[in-house]
1. Using +1 at the Cβ of each Lys and Arg and -1 at the Cβ of each Asp and Glu in region 240-331, identify which of GLY244, LEU308, GLY288 lies farthest towards the dipole's positive end.
2. How would you classify region 238-372 from its alpha-carbon gyration tensor, with a ≥ b ≥ c the square roots of the eigenvalues: rounded for a/c under 1.5, else prolate if a/b is greater than b/c, otherwise oblate?
3. Using a 10 Å cut-off around each Cβ, can you sort CYS347, CYS207 from fewest to most neighbouring Cβ atoms?
4. With point charges of +1 on the Cβ of Lys and Arg and -1 on the Cβ of Asp and Glu, referenced to the Cα centre of the chain, which listed residue (ASN233, PHE134, VAL153) lies farthest in the positive direction of the dipole?
5. I'd like the orientation of helix 306-320 relative to the chain: the angle between its Cα long axis and the longest Cα principal axis, in ° from 0 to 90, rounded to 10.
6. Please identify, among SER381, SER277, SER203, the residue showing maximal mean-square fluctuation in a Gaussian network model of the chain using a 10 angstrom Cα cutoff.
7. With springs connecting C-alpha atoms under 10 Å apart, model the chain as a Gaussian network and identify which of ASP336, ASP188, ASP89 has the largest mean-square fluctuation.
8. Using 31 Å as the Cα-Cα cut-off, could you pick out the over-long pairs in LYS38/LYS182; LYS158/LYS314; LYS93/LYS182; LYS175/LYS297?
Amino acid sequence: MIEKVKSLAKKYAPEFIQVRHMLHANPELSYQEFETSKFIQGRLRELEIPYDVIATTGVVGLIKGKNPSKRIVALRADMDALPINEENDVPYKSRNPGIMHACGHDVHTTCLLGAARILQELNEEWEGTIKLIFQPGEEKNPGGASIMIRDGVLENPKPQSIFAMHVHPGLPIGKLSFRGGKVMASADELYMTIKGKGGHAASPHLCIDPILIASELIISLQQLISRHNNPFNPCVLSITSFQGGTTTNVIPNEVKLMGTFRAMNEDWRTKAHDLISKQAKGLVESMGGQLDLHIDKGYPAVHNHEGLNASARKKAAEFLGEEAVEETELRMGAEDFGYYAQQIPACFYRVGVMNKEKGITSGVHTPTFNIDENAIEIGMSMMAWLGISIEEKTATQVPL
Ligand SMILES: [Zn+2]
Ligand SMILES: [Zn+2]
């Protein structure tokens, strides 16, 4: 079976590199993936794969093998691009100014379409049902995954496990990386307005200085993390914007702060929100100011199911060789795949796209991000192979 999947991937890779070029040249922002969605639907129709459209632009296809109810595995690709102006000088450069597939979601969509073609062609030779999930809005709250789940993507039929790949520009082409348990962080946005009382900078005693209060607040919040969080529990709070005042001799009325709070443990995350609120309010009021605080809750942490991840890693090594498979590092970035992982056993793995010899080294979310396109053949064949080969007992035998 490995040889069949590999030879189909090799045969179709040139076609899917063209698909990737088309998607890359026509990027669409989160929740506006209308043309991308239509394109995916067209390809599924050509392959005679039935599908539903949910969450406005999301597409959910079903491929049935033999004994369709025996095992149900979901494969997920995200579809959205970023508000970045592409600086790559390539024939398939973005035709939509200010929008770019700078996180590789064009590659993920392409690989899932490629996998669909392989799976459909071999559908007499594997057992179960494969659910193809093309998801909008990964890059923007509330996260397309949460909307797809609300709209029933994990029901009728309910998958026993779910996989997603992500391109990794720090990993050389030809390699895959896996990790069990925690892999990515939750990400919440902090918005704070500190209201004081403005006036002449030479008479601070007649004012309530929001610049000073905000400065104390930033330091105090860092202390909160360092004193209340278990040091073995990864967590980051970064204040990323400090806006207030316009000149040298006026104390302003207010200061606005923004930042991000990232964690890998849901209990700590909830507790930290409460601590941040109480400490910020207490400190600002003790200095005579008033605080408006809003924490915009983002994606949960991504926790890979240990048993499923171990099984996927083993299958990947069987497919590509032991030397091609590595352990992925922990990252404090966020992914809305965490929502699926809260519902069913999940595995989020990475596909290397870096090629130093070809000068392909830029990170995701940069205007020069690109991939070594040999990753398309690897990505599409691995998706198909995991869909076919993961055993149904993997997910249920190992407790969550
Ligand atoms: Zn991204
Ligand atoms: Zn991404």
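1. GLY288
2. Details: a/c = 4.46, a/b = 1.82, b/c = 2.45.
Since a/c reaches 1.5 but b/c is at least a/b, the shape of region 238-372 is classed as oblate.
3. Ranked by crowding around the Cβ, least crowded first: CYS207, CYS347.
4. The listed residue farthest towards the positive side: ASN233.
5. With rounding to tens, the tilt is 50 degrees.
6. Residue with maximal mean-square fluctuation among SER381, SER277, SER203: SER203.
7. Largest GNM mean-square fluctuation: ASP89.
8. LYS38/LYS182; LYS93/LYS182; LYS175/LYS297
Coordinate-derived values only; no laboratory data. Because the structure is predicted, anything quoted here is derived from the model rather than measured. In this analysis, Cβ positions are derived from the backbone assuming ideal geometry, glycine residues included, and neighbour counts consider all displayed protein chains.
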